[in-house]
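First the structure, in the form of C-alpha cells, and then the observations on it.
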Amino acid sequence: MNGIIGKKIGMTSIFDDAGNNLACTVIEAGPCVITQVKSEDDNNGYNSLQLGFGEMKAKNSTKAMIGHFDAAKTAPKRRVVEFRDFNLDELNGMTDEEGNTADPAAKAIGDVIEAWEVFSEGDKVSVVGTSKGKGFQGVVKRHKFRGVNDATHGQHNRQRAPGSIGAASYPAKVFKGMRMAGRMGGKRVTTQNLVVVKIFPEKNIILIKGAVPGHKGAFVIIEK
C-alpha cells in the first residue's frame, strides 16, 4: 500500500468548481526519505518500504538509529513508518529539465519521495493519526449518554450519572466492556475515504477534504 508521512498544519476551506465551500485539512506531506527496503528475497520474508520524515538532532536520537540513518545517507528523522507492499511502479512519473521521464522503480535507499509522486488530485485516501486526548471524562461526553432529562420521582441530581452497572449477588461482578467513565481520546484512529482536493508540489502541501485525527503539528500517515 503506497503512502507517505505528513504533519497536520490546520484546517481551511476552499471553493470547488461548482461553488461549494469545502472544509479541508492542510497537511505537510513529505518529503520522505527511503531509509530501508525489505523484500521477500532477504531474511524479512515480505516486501516493504521504510520512510523517514521530519528532521531531528543527532543528540536526541539513539546510536542504533543514527547508524540506521547513516546507512541511508540521511540525517536522523523524527518519524519512521514502514509501508507494506509499497509499489514504486505506481509513482507518478518524474521529468527532468530536458523533459525526459525518470523511472520511479529506480528509487533506492536514500532517495526522496514527495507527495505529488504518490497522490493525485481526486484520490481517495485513509489518514491514520492519534486522536486528541481529552482526559478523564464522564459517560455523557464519552459515550453520549442522554441522562435523566425528564427528571421526575426525586431525580434531582442524576442528569449525568451512569446508572446501574450490573446486578447484585449474580453475577457479582461488572462485565468487561461496560460503558463507564474513563480516559477519552489519545488513541490510534483511521479515517477512511477522504479525498485529496488540492496538491501544492512546491510546498509539499496537500489539502484533504474533511477532518483528520490529531492536533495541529501531529504526525499522520496518509495511505492510498
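The values are calculated or read from the model by the stated rules, or taken from the named source; none is laboratory data. This one's a predicted model, so the numbers in the text were calculated from it and none came from an experiment. Cβ placement follows ideal geometry from the backbone for every residue including glycine, while neighbour counts extend to all protein chains displayed. All accessible areas refer to the heavy atoms of the entire protein, side chains included, with ligands and DNA or RNA removed. Shrake-Rupley method; radii C 1.70, N 1.55, O 1.52, S 1.80 Å.
Could you tell me whether the stretch 41-60 includes any residue that is among the charged types (D, E, K, R), under 21 Å from the mean Cα position of the chain (by Cα) and under 23 Å from ILE222 (Cβ atoms)? For the stretch 41-60, residues among the charged types (D, E, K, R), under 21 Å from the mean Cα position of the chain (by Cα) and under 23 Å from ILE222 (Cβ atoms): present. Scanning the stretch 124-177 for residues that are touching a Leu at 6+ places or on another chain (Cβ under 9 Å) and either assigned to a loop (DSSP other than H, G, I, E, B) or open to solvent by 100 Å² or more (accessible area, probe 1.4 Å) (or both) yields a single hit, LYS124.
Every residue, every condition in (1) of a type in the set (A, V, I, L, M); (2) in contact (Cβ under 8 Å) with a residue 40 or more places away in the chain, yes or no:
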{"site": "MET1", "(1), (2)": "yes, yes"}
{"site": "GLU40", "(1), (2)": "no, no"}
{"site": "MET56", "(1), (2)": "yes, no"}
{"site": "LEU91", "(1), (2)": "yes, yes"}
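How many residues are over 22 Å from the mean Cα position of the chain (by Cα) and either open to solvent by less than 20 Å² (accessible area, probe 1.4 Å) or modelled with pLDDT under 90 (or both) if we restrict to the stretch 2-19? Residues flagged as over 22 Å from the mean Cα position of the chain (by Cα) and either open to solvent by less than 20 Å² (accessible area, probe 1.4 Å) or modelled with pLDDT under 90 (or both) within the stretch 2-19 amount to 4. Checked against (1) closer than 16 Å to LYS7 by Cα; (2) open to solvent by 80 Å² or more (accessible area, probe 1.4 Å), ILE208 meets all criteria but (2). Filter the stretch 177-224 down to residues that are in contact with a helix residue (DSSP H, G or I) (Cβ under 9 Å, 6 or more places away or on another chain) and among the aromatic types (Phe, Trp, Tyr), then give me how many there are. Count: 1.
Hey, can you tell me all the residues within the stretch 178-202 that are free of Cβ contacts under 8 Å to residues at least 12 places away in the same chain and open to solvent by 100 Å² or more (accessible area, probe 1.4 Å)?
GLU202, the sole residue that qualifies.
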